[in-house]
1. Restricting to the range A:1-47, name every residue that is among the charged types (D, E, K, R) and closer than 30 Å to B:MET80 by Cβ.
2. Those residues that are open to solvent by less than 10 Å² (accessible area, probe 1.4 Å), under 9 Å from the mean Cα position of the chain (by Cα) and either modelled with pLDDT under 95 or more than 8 Å from chain A (Cβ to nearest Cβ) (or both), I need them from the range B:77-91; list them, please.
3. Identify the residue in the range B:19-32 that is more than 10 Å from DNA strand D (Cβ to nearest atom) and within 12 Å of chain A (Cβ to nearest Cβ) and, among all such residues, is surrounded by the most Cβ atoms within 10 Å (Cβ to Cβ).
4. For the range B:1-32, give me each residue that is more than 18 Å from B:VAL133 (Cβ to Cβ) and not in a loop (DSSP other than H, G, I, E, B).
5. Identify the single condition in (1) open to solvent by 60 Å² or more (accessible area, probe 1.4 Å); (2) modelled with pLDDT under 95 that B:ILE109 does not satisfy, given that it satisfies every other one.
6. Check the range A:83-91 and report whether any residue there is more than 11 Å from DNA strand D (Cβ to nearest atom) and either part of a helix (DSSP H, G or I) or under 16 Å from A:VAL133 (Cβ atoms) (or both).
7. Would you mention how many residues in the range A:33-76 are outside any helix (DSSP H, G or I), within 14 Å of another protein chain (Cβ to nearest Cβ) and of a type in the set (D, E, K, R)?
8. When the residues of the range B:33-58 are filtered to those that are closer than 23 Å to B:ASP72 by Cβ and crowded, with 18+ Cβ neighbours inside 10 Å, which remaining residue is farthest from DNA strand D (Cβ to nearest atom)?
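The values are calculated or read from the model by the stated rules, or taken from the named source; none is laboratory data. In this text the structure is predicted, and so the values were computed from the model without any measurement. Using ideal geometry, Cβ is built from the backbone for each residue, glycine included, and neighbour counts are taken over all protein chains shown. Just so you know, the surface numbers come from the protein's heavy atoms only, side chains and all, with ligands and any DNA or RNA stripped out. Shrake-Rupley method; radii C 1.70, N 1.55, O 1.52, S 1.80 Å.
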Protein chains: 2
Amino acid sequence: MIRISKKVEYALMALKFISQSDNKLVTAREISDTKKIPYDLLSKILQKLKNENILLSNQGTNGGYSLNKRTDEIYLFNLMNMLDGDIALADCMHETKEKECSLEDSCSIKSEVAKLQKEVEDVFKNKTISDFV
Amino acid sequence: MIRISKKVEYALMALKFISQSDNKLVTAREISDTKKIPYDLLSKILQKLKNENILLSNQGTNGGYSLNKRTDEIYLFNLMNMLDGDIALADCMHETKEKECSLEDSCSIKSEVAKLQKEVEDVFKNKTISDFV
DNA sequence: TCAAATAGGACTATATTAGTCCAAATTAGA
DNA sequence: TCTAATTTGGACTAATATAGTCCTATTTGA
């Protein structure tokens, strides 16, 4: 199916929320409560975004998260790759071909699927968080 | 994740195969053998395509399938809808909103996701089987 | 030293996708 | 008219991916 995962959905909501909390640190709990996002799942997502340098974090009392990039520097395409792994319309389209396609020899549609993949990627490469704010 | 299902993948291969077998009826077994596609699954797909008037079928000995439309009249977008159900980047994007979104009230990204969905749909609406042949 | 917060591993549950099995109906041809 | 080739289609199982939970450790400000 063609869909955006919950992880990415939640990340978009969280990033938008943080971007609108001018410079104040925002806690996972705040976002979870306001946006009705499962706390533990959201925590994981925020941690990931921190590790990917999208967010800055402060531990401990009064801690929280803040943006480490401008909203127009955060591409949806990259978020999707970070959170869901690389986008591959078919198994043979993974960047690192960890999954060999058993149809390889008989497959007759690969090159066109590759084009398609590029076009879909372009849609996501042309969206940043600023489009959602 | 953003991916094309096996069903659609197999449908593309099968339709391409049939379109290249000039007018001769093609059996599910032939396609399955040549393209290494699980027979039962392929059968289901061909049946579906027949019910959707993409294919014509003849039962019995010497039976098989043939195209009921020109390749440039068969849109990838429609294939995907037939085989996988309607494309919805997020739950709230289903045409028939059978799945209510529990975040509805707190959701702040819906309108932008809708735009995104339209752009992705357009990619698939602009591809037909003739692009794969 | 306590409470608020992030960090992160391990696990479970749910949903989706892929694939299999079986029996029925149809039909051409021997 | 019998048989084999074929489509038809329901019911089921298996595999995989996604979503969500639980628990404990670490950091830090007051």
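1. If we filter the range A:1-47 for residues that are among the charged types (D, E, K, R), which is where we start, we get A:3, A:6-7, A:9, A:16, A:22, A:24, A:29-30, A:33, A:35-36, A:40, A:44.
Residues satisfying the conditions are A:ARG3, A:LYS6, A:LYS7, A:GLU9, A:LYS16.
2. Taking the range B:77-91 first, the residues open to solvent by less than 10 Å² (accessible area, probe 1.4 Å) are B:79-80, B:88-90.
Now narrow it down to the ones that are under 9 Å from the mean Cα position of the chain (by Cα): B:79-80.
Scanning the range B:77-91 gives a single hit, B:LEU79.
3. Residues of the range B:19-32 more than 10 Å from DNA strand D (Cβ to nearest atom): B:19-24.
Filter again for within 12 Å of chain A (Cβ to nearest Cβ), leaving B:19-20.
Numbers: B:SER19: 19, B:GLN20: 11.
Applying the filter and picking the extreme gives B:SER19.
4. Let us first name the residues in the range B:1-32 that are more than 18 Å from B:VAL133 (Cβ to Cβ), namely B:1-3, B:5-7, B:25, B:27-29, B:32.
Passing the criteria: B:ILE2, B:LYS6, B:LYS7, B:ALA28, B:ARG29, B:SER32.
5. If we test B:ILE109 against (1) open to solvent by 60 Å² or more (accessible area, probe 1.4 Å); (2) modelled with pLDDT under 95, just (1) comes out false.
6. no
7. Residues meeting the conditions: 1.
8. Taking the range B:33-58 first, the residues closer than 23 Å to B:ASP72 by Cβ are B:35, B:45-46, B:48-57.
Filter once more, so that each one left must be crowded, with 18+ Cβ neighbours inside 10 Å: B:35, B:45-46, B:49, B:54-55.
On the way: B:LYS35: 14, B:ILE45: 10, B:LEU46: 6, B:LEU49: 8, B:ILE54: 11, B:LEU55: 8 Å.
Among those residues, the one meeting the criterion is B:LYS35.
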